[in-house]
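Note sheet for the following structure.
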């Protein structure tokens, strides 16, 4: 697989919503490159006709009954909010929507 | 397929419809889905996406989605799974939406609509897929206190949505509207959604571009996605506007599909135009991932068949049959079907018993629906069984009940919960013998020479006074009969 | 003998017979914590008052002859990753420093219902990511056998408090070895149950398809007692198994007749500490002497397990940790400072006429996300989020994530085949003993490679246990790992108990140091 560039890492940092300092970007580029280099080991495994395994135990068809359960009182729901107005969570203006 | 001759292009439209399924609780938790609650009063740790919480799939939501997909003639794969669609937005508390990506619960269906250009030629509009997903919350822009904040309400977060994606098979704004009407009819008929657009239970996005001829070659304009259309009429208007806008842009720039990235535009209802919308950053990289917290669902062909059988007759087939068998108008048939299966069943029972589908339809679509509305009742609650209404109609047909008093009888049946015969008896309505009627009329003619003279002088309306007198003497007389007999006698005398 | 030295099983008998009260026991443990934990750093939060009140309540109910739960009066420590509405749940992260969950994790609820006394919340690697507990945002935890060394992780506090007699029972979580590895390095018993055996509801997710809650204790019997209390189906967890839970602690005594014990050819390769290899081989001989037949088996894909794990776990983690965006709970950056900085930057760019720079400048919301997350998460968590985000991003999904899911199946199939030949698989827990604090912090890959013996059980969903099987010459504990087929916890516990009965490694105690340790 192609080597990871600092620019790639910057793009991933935006996707992951992380603000990295220049120093962190350097370290991250080196470390991720090293880890991905190791992970490339997987390429040698023949996985033709192997089904992916997304769950450790392969259950199916688990449902809950359609039944209304009590919701949280609003003050409890908002208790952990970093900023709220007693009715809702507040964030800097959402643009373009 | 006929193309609209008035335009030098073909409009190619695909619709993406989000339908809120009529469950009591949310898709993955027990919070209520009731519309209109105070902000953030219908949330719990699960739908707030609190650390440690896990989703569990609502059985009814899946059942409703499955029923709809089958009614849309979709193929139901035996295996379907849940994926996380990842993006950051304040109304999406987990940082991902639980949806379905590469293995949706249904694919490859169609919905038949009537062609607006050729009303009796059914048009088959392909359905690419229909999948189940959770809704996001709501951001409300709040300018108070001088700072630009958005307030987030998570009541709607986690509400079950069925996303139905059509093939780009629609060729006009009008056809798009008919498609939506037909889809809504199907969904309400199945009882899977209330399809209330004002409350957001049905939301439509449209993808549209133009196909046209240029220098002997077929070319396509760049695809535009239109959002923010709040009624079917708005969808039609937005598409009409957008088609002409795209044609104008094409004439100016000659830009073709592939030469510009897909644009998203919002419909401005008041201004009657579409405007470009700011697209969300890196929206193309959703980093889908199978949701490890939810397990796959399997549906056997036998289960699908069983559901298909249980669907019964779907609205389009039912409409055709009601029109054919009952000689109803398309309009009357639609009025019945729009009210749902139970009213149709009621109508059919009345029609069968009285053997007069047309009259039965008139009664059900007019008197019955009006009373239901006034009394805020459903058809299941009406105290007049279908056979009793049929008896009422039968009594009119047999002349046992003058048409003018039928409504009176109907109201009494409803109020006192009694049969037609009982109501007729209670109102003292009885058939008046023809000879008695003639005798009564003769008596009136003899007693009113002035009226007779007026009638003979050409003032036929003067006879009206006699009808009033006749009704006073015997309330059961048929005013129509009184009128014709009196006229006849007056002319003879 | 001091109260703190008894096993949970013994303490339960003393409580039931009325020889001791829960208050006495709880106070004795709080004293032990007060004496040693400043130094060892196993606990993040202790609510002594609440614990004592709870103990008093249980004592009263016992005196009144009221029915009591199976853990009545027994103190249990809980890793700070399971939600408890009675106090903070931080995941050892600044992100959740002030988070108060409005609900109880199912495991916490079951412990409360069993009348356990929840004595405190144990330290861990931030969001359970790491194998040394050095990634805690709040404090270092030390290995009771050598305070200059790591206790292992991520359940480092959970293992330390048991080894240092500060709690007879403790709850950990294991995503790639996070119970078994610290148990091995601290010389206690630690078990990862079958995936789905214990509810994950309320367990703050690291990698959802790998995470499992399990017990740490000083004996197999105690671990069995704790497991049978927390295990069982939970309708709030769709991945939880609807299979009855055997009374593990009552069926332990029966040895496994005709036990076929597998040892894995690939496990004894270069990189394995010779003293560990020696201890494992001796442990295998003990089994032989107890009548077991030993069979060498192969797990051909085991060499890919770490690579597979370090794709799947970070991928799921990047998704699970997306919710920490400072909007609904958790840390949010200083917004006025953020706006001021953004405005200054915008003016700078405008003055320079840098259109591209302006275009790329984050809006306030995006910047709020990025700063809140950058400030809230530590370096290891960021590393894994970055790794996972990359592995799932457009163009790399098939090569990394999808590939890893396929290799995962091959790893599982290796085990399925192996368990056709043997009943249990024995192996080391770690290739080396506890390393010194700070030794590996700059070499994440080297740290990941230490997980080679433990991650397979998580990938395959198998139950696995770590138990003390010896010491190095420097008196550092060595762990023996046993693995069983899915849902064969009882076989695993019986196999472990057999060994425990024939040896006394689990009875050794570290010589605890009282004074505050200075420097690393």
Consider residue B:90 carefully, then state whether it is in contact (Cβ under 8 Å) with a residue 12 or more places away in the chain, in contact with a helix residue (DSSP H, G or I) (Cβ under 9 Å, 6 or more places away or on another chain) and either assigned by TED's automatic domain parsing to the domain that holds residue B:184 or surrounded by 22 or more Cβ atoms within 10 Å (Cβ to Cβ) (or both).
yes
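Just give me the residues in the stretch B:444-459 being assigned to a helix (DSSP H, G or I) and farther than 12 Å from residue B:482 by Cβ, in sequence order. First the steps, then the outcome.
First, pick out the residues of the stretch B:444-459 that are assigned to a helix (DSSP H, G or I): B:444-447, B:449-456.
Across the stretch B:444-459, the qualifying residues are B:446, B:447, B:449, B:450, B:451, B:452, B:453, B:454, B:455, B:456.
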Could you count how many residues in the stretch B:401-416 are under 20 Å from residue B:354 (Cα atoms) and surrounded by fewer than 16 Cβ atoms within 10 Å (Cβ to Cβ)?
5
Cβ pairs under 6 Å, 6+ apart or interchain, first in the stretch B:351-369 and at negative phi, second modelled with pLDDT of 90 or more and surrounded by fewer than 18 Cβ atoms within 10 Å (Cβ to Cβ), ordered by first then second residue, are B:353/B:387
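Among the residues of the stretch C:127-156, how many are assigned to a helix (DSSP H, G or I) and more than 9 Å from the chain's Cα centre (by Cα)? Quick ask: steps written out before the conclusion?
We begin by selecting, within the stretch C:127-156, every residue assigned to a helix (DSSP H, G or I); these are C:127-128, C:156.
So of that shortlist, the ones also more than 9 Å from the chain's Cα centre (by Cα) come out as C:127.
Adding up the residues that qualify gives 1.
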Counting just the residues of the stretch B:24-37 that are touching a residue at least 24 places away in the same chain (Cβ under 8 Å) and more than 7 Å from every other protein chain (Cβ to nearest Cβ), which one comes out surrounded by the fewest Cβ atoms within 10 Å (Cβ to Cβ)?
B:36
I need the full set of residues from the stretch C:397-412 which are more than 8 Å from chain A (Cβ to nearest Cβ) and more than 27 Å from the chain's Cα centre (by Cα), in order please.
C:397, C:398
Which one is farthest from the other protein chains (Cβ to nearest Cβ), of the residues in the stretch A:16-31 that are in a loop (DSSP other than H, G, I, E, B) and under 12 Å from residue C:386 (Cα atoms)?
A:20
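A quick yes/no check of all residues on (1) surrounded by 14 or more Cβ atoms within 10 Å (Cβ to Cβ); (2) modelled with pLDDT under 95; (3) away from chain A (no Cβ under 11 Å):
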site	(1), (2), (3)
B:277	yes, yes, no
B:287	yes, no, no
B:296	yes, no, no
B:304	yes, no, yes
B:331	no, yes, yes
B:334	yes, yes, yes
B:339	yes, yes, yes
Across (1) assigned to a loop (DSSP other than H, G, I, E, B); (2) without any contact (Cβ under 8 Å) to a residue 40 or more places away in the chain; (3) touching a strand residue (DSSP E or B) at 6+ places or on another chain (Cβ under 9 Å), residue C:1 clears everything bar (3)
Tally time: how many residues in the stretch C:325-336 are more than 8 Å from every other protein chain (Cβ to nearest Cβ) and touching a residue at least 24 places away in the same chain (Cβ under 8 Å)?
1
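Which of the strands (runs of 3 or more DSSP E) contained wholly in the stretch C:205-305 include at least 1 residues that are within 14 Å of chain B (Cβ to nearest Cβ)? Reasoning before the result, please.
Values: elements: C:212-217, C:260-264, C:293-297.
Ranges flagged: C:212-217.
Outside any loop (DSSP other than H, G, I, E, B), away from chain B (no Cβ under 14 Å) and either on the phi < 0 side of the Ramachandran plot or in contact with a helix residue (DSSP H, G or I) (Cβ under 8 Å, 6 or more places away or on another chain) (or both) - does that describe any residue in the stretch C:311-319?
Step one: filter the stretch C:311-319 for residues outside any loop (DSSP other than H, G, I, E, B), giving C:311-319.
Narrowing the set further to residues that are away from chain B (no Cβ under 14 Å) leaves none.
No, the stretch C:311-319 contains no residue that is outside any loop (DSSP other than H, G, I, E, B), away from chain B (no Cβ under 14 Å) and either on the phi < 0 side of the Ramachandran plot or in contact with a helix residue (DSSP H, G or I) (Cβ under 8 Å, 6 or more places away or on another chain) (or both).
Taking the condition of being within 19 Å of residue B:168 (Cβ to Cβ) and in contact (Cβ under 8 Å) with a residue 12 or more places away in the chain, how many residues in the stretch B:226-248 meet it? It would help to see each step written out before you state the result.
If we filter the stretch B:226-248 for residues that are within 19 Å of residue B:168 (Cβ to Cβ), which is where we start, we get B:226-227, B:229, B:232, B:235-236, B:238-247.
After this cut, where a residue has to be in contact (Cβ under 8 Å) with a residue 12 or more places away in the chain as well, the list is B:226-227, B:229, B:232, B:235-236, B:238-243, B:245-247.
Residues meeting the conditions: 15.
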I'd like the full set of residues that are at pLDDT 95 or above and more than 7 Å from every other protein chain (Cβ to nearest Cβ), limited to the stretch A:38-82.
A:40, A:43, A:44, A:46, A:48, A:49, A:70, A:73, A:75
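Go through B:470, B:421, B:439 for me and flag whichever is closer than 30 Å to residue B:353 by Cα and in a helix (DSSP H, G or I).
The match here is B:421.
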The stretch C:363-393 - residue that is more than 7 Å from chain A (Cβ to nearest Cβ) and under 20 Å from the mean Cα position of the chain (by Cα) and, of those, surrounded by the fewest Cβ atoms within 10 Å (Cβ to Cβ):
C:379
Does residue C:218 satisfy being in the same structural domain as residue C:37 (by TED's automatic domain parsing), surrounded by 24 or more Cβ atoms within 10 Å (Cβ to Cβ), over 23 Å from residue C:29 (Cα atoms) and in contact (Cβ under 8 Å) with a residue 60 or more places away in the chain?
no
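Condition check ((1) away from chain B (no Cβ under 14 Å); (2) in contact with a strand residue (DSSP E or B) (Cβ under 8 Å, 6 or more places away or on another chain)) across all residues:
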{"position": "C:10", "(1), (2)": "yes, no"}
{"position": "C:25", "(1), (2)": "yes, yes"}
{"position": "C:38", "(1), (2)": "yes, no"}
{"position": "C:60", "(1), (2)": "yes, no"}
{"position": "C:70", "(1), (2)": "yes, no"}
{"position": "C:93", "(1), (2)": "no, no"}
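For the stretch B:97-106, which residues satisfy the criterion of being crowded, with 21+ Cβ neighbours inside 10 Å and free of Cβ contacts under 8 Å to residues at least 60 places away in the same chain? Quick ask: steps written out before the conclusion?
Quick first cut of the stretch B:97-106, residues crowded, with 21+ Cβ neighbours inside 10 Å only: B:100, B:104-106.
Within the stretch B:97-106, B:100, B:104, B:106 meet the criteria.
Quick test for you: out of B:258, B:200, pick the one residue that is crowded, with 16+ Cβ neighbours inside 10 Å and part of a loop (DSSP other than H, G, I, E, B).
Details: B:258 fails: crowded, with 16+ Cβ neighbours inside 10 Å.
So the residue among B:258, B:200 that is crowded, with 16+ Cβ neighbours inside 10 Å and part of a loop (DSSP other than H, G, I, E, B) is B:200.
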Could you count how many residues in the stretch B:313-329 are surrounded by fewer than 13 Cβ atoms within 10 Å (Cβ to Cβ) and in contact with a helix residue (DSSP H, G or I) (Cβ under 8 Å, 6 or more places away or on another chain)?
2
Got a sec? Which of B:395, B:462 is surrounded by 14 or more Cβ atoms within 10 Å (Cβ to Cβ), without any contact (Cβ under 8 Å) to a residue 12 or more places away in the chain and in a helix (DSSP H, G or I)?
B:462
Elements of type helices (runs of 4 or more DSSP H) contained in the stretch C:400-492, each with 3 or more residues being touching a strand residue (DSSP E or B) at 6+ places or on another chain (Cβ under 9 Å):
C:403-418, C:455-460
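The values are calculated or read from the model by the stated rules, or taken from the named source; none is laboratory data. Treat the numbers as computed from the prediction; the structure is a model and nothing was measured. Every residue, glycine as well, gets a Cβ built from its backbone with ideal geometry; the counts of neighbours run over all protein chains shown.
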